[in-house]
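What follows is a set of notes on a single structure, which appears directly below.
The values are calculated or read from the model by the stated rules, or taken from the named source; none is laboratory data. Since this is a predicted model, take the numbers as computed values, not measurements. Please note: Cβ atoms are built from the backbone with ideal geometry, for glycine as well, and neighbour counts cover all protein chains shown.
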Amino acid sequence: MTSTAETETESDTVTALVVENDPTDDLRRLGEWLTEAGLALEVRRPHAGETLPDDLTGYGALVVLGGPQSAYPGPDGTPGAPWFPALEGLLRKAVRHRVPTLAICLGAQLLATAHAGEVRRSEAGPEVGPTVVGRRDAAETDPLFRYVPMIPDVIQWHADEITELPRGAVLLATSTRYPNQAFRLGDRAWGLQFHIECDTDMIADWAAGSPLLAELDYDPELVVAACAEVLADIEEVWQPFALRFAMLAQGRLAGAEPRRTLPLLGQ
């Protein structure tokens with residue numbers, strides 16, 4: 001028999017909707033960090049035919065992962081994936097209703113395009129492997145980025161670029177070749193161009209036959225080894241970042257303004 005205390009604990013659990021855009025980029029370590037922080041995770045896999053909800057009713061957070069697709073339409077106007085218009089609609093609703101949102105790589109690009117930002121193939125060429133990004137001054141007052149070091153380690157694996165951030169977006173991290181590395185939209189939605197969720201197995205899978213590595217003439221084994229060397233440093237910085245995101249979703253982050261329900265106005 002379930003006790004009253006257990007029932008109350010279950011009902012108080014905050015659930016994050018996780019959108020997995022490709023089977024090669026799942027939650028991996030980020031999922032472990034968010035679960036350890038007390039979030040329940042509901043993963044939807046539209047790439048496998050699962051549908052996305054019409055809105056975020058019942059969810060306390062939204063996480064959108066990466067993938068090899070393009071956030072921008074093809075030459076014939078076809079979306080990079082059939083579910084992208086619905087996903088962009090969810091991202092707009094998340095920002096409007098202040099649902100804590102974390103969007104990674106392709107997810108960050110979709111967060112930008114959903115709000116009239118611009119994404120395109122970068123003229124700088126692919127960015128792959130372990131790199132660092134530079135924290136901007138605006139991060140000092142950001143509830144998630146304020147404790148991130150000035151030059152944190154990250155993993156990059158992309159050829160598309162956010163060339164124009166949405167109006168009103170706050171740039172939080174940058175680099176020389178790809179200036180828009182991290183941004184906040186509204187007060188509860190974050191886009192990261194880089195990856196924080198990877199483990200060695202995931203990176204090895206990406207490296208096997210990667211067209212980006214072939215374009216750069218990089219040795220896959222050397223790239224995997226270089227990424228593996230920085231994973232401990234990435235965990236040191238980005239696990240606490242994930243914890244702060246979970247605490248924000250749970251209403252436990254000190255100094256963060258409480259979420260207020262706003263009227264639903266279209267998408």
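Exactly one condition in (1) among the charged types (D, E, K, R); (2) part of a helix (DSSP H, G or I); (3) in contact with a Leu (Cβ under 8 Å, 6 or more places away or on another chain) is not met by Arg98; state its number.
(2)
For the stretch 134-156, check the following and say yes or no: at least one residue is touching a residue at least 40 places away in the same chain (Cβ under 8 Å), farther than 20 Å from Leu62 by Cα and basic (Lys, Arg).
no
Does the stretch 71-88 include one or more residues that are out of contact with any Leu (no Cβ under 7 Å at 6 or more places or on another chain) and among the acidic types (Asp, Glu)?
Yes, that holds for at least one residue.
Yes/no per residue for (1) outside any helix (DSSP H, G or I); (2) hydroxyl-bearing (Ser, Thr, Tyr):
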residue: Asp22; (1), (2): yes, no
residue: Leu30; (1), (2): no, no
residue: Thr35; (1), (2): no, yes
residue: Glu42; (1), (2): yes, no
residue: Asp55; (1), (2): yes, no
residue: Gln69; (1), (2): yes, no
residue: Tyr72; (1), (2): yes, yes
residue: Asp76; (1), (2): yes, no
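I'm told Gln193 meets every condition in (1) surrounded by fewer than 18 Cβ atoms within 10 Å (Cβ to Cβ); (2) within 16 Å of Gly107 (Cα to Cα) except one. Can you identify the failing condition by its number?
It fails just one condition, (1).
Would you say Ala169 is in contact with a Ser or Thr (Cβ under 8 Å, 6 or more places away or on another chain) and either over 16 Å from Pro130 (Cα atoms) or basic (Lys, Arg) (or both)? Walk me through how you get there before you give the answer.
Numbers: in contact with a Ser or Thr (Cβ under 8 Å, 6 or more places away or on another chain): no; either over 16 Å from Pro130 (Cα atoms) or basic (Lys, Arg) (or both): yes.
Criteria not met by Ala169.
From the set of residues in the stretch 257-267 that are more than 17 Å from Thr13 (Cβ to Cβ) and either charged (D, E, K, R) or at pLDDT 70 or above (or both), which is surrounded by the most Cβ atoms within 10 Å (Cβ to Cβ)?
We begin by selecting, within the stretch 257-267, every residue more than 17 Å from Thr13 (Cβ to Cβ); these are 257-258, 260-267.
Narrowing the set further to residues that are either charged (D, E, K, R) or at pLDDT 70 or above (or both) leaves 257, 260.
Numbers: Glu257: 10, Arg260: 7.
Residue satisfying both the conditions and the ranking: Glu257.
Each row is one residue, and each column tells you yes or no for (1) surrounded by fewer than 17 Cβ atoms within 10 Å (Cβ to Cβ); (2) out of contact with any helix residue (DSSP H, G or I) (no Cβ under 9 Å at 6 or more places or on another chain); (3) charged (D, E, K, R); (4) modelled with pLDDT of 95 or more.
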position	(1), (2), (3), (4)
Thr78	yes, yes, no, yes
Ala94	no, no, no, yes
Leu111	no, no, no, yes
Gly129	no, no, no, yes
Arg136	no, no, yes, yes
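Quick check on this structure: which one of Leu62, Leu106, Leu90 is farther than 30 Å from Leu231 by Cα and at pLDDT 95 or above?
Leu90
Return the residue satisfying two criteria in turn: it lies in the stretch 209-255 and is outside any helix (DSSP H, G or I) and surrounded by fewer than 15 Cβ atoms within 10 Å (Cβ to Cβ), and of such residues it is modelled with the lowest pLDDT.
Gly255
So Ala81 fits all but one of (1) touching a Phe, Trp or Tyr at 6+ places or on another chain (Cβ under 9 Å); (2) assigned to a loop (DSSP other than H, G, I, E, B); what number is the exception?
(1)
Run Gly117 past the list (1) of a type outside the set (A, V, I, L, M, F, W, C); (2) surrounded by fewer than 16 Cβ atoms within 10 Å (Cβ to Cβ); (3) in contact (Cβ under 8 Å) with a residue 24 or more places away in the chain and report the number of the one that doesn't hold.
Condition not satisfied by Gly117: (2).
Quick one: in the stretch 23-61, of everything that is in contact with a Lys or Arg (Cβ under 8 Å, 6 or more places away or on another chain) and in contact (Cβ under 8 Å) with a residue 40 or more places away in the chain, which residue is surrounded by the fewest Cβ atoms within 10 Å (Cβ to Cβ)?
If we take residues in the stretch 23-61 being in contact with a Lys or Arg (Cβ under 8 Å, 6 or more places away or on another chain) and in contact (Cβ under 8 Å) with a residue 40 or more places away in the chain, then Asp55 is surrounded by the fewest Cβ atoms within 10 Å (Cβ to Cβ).
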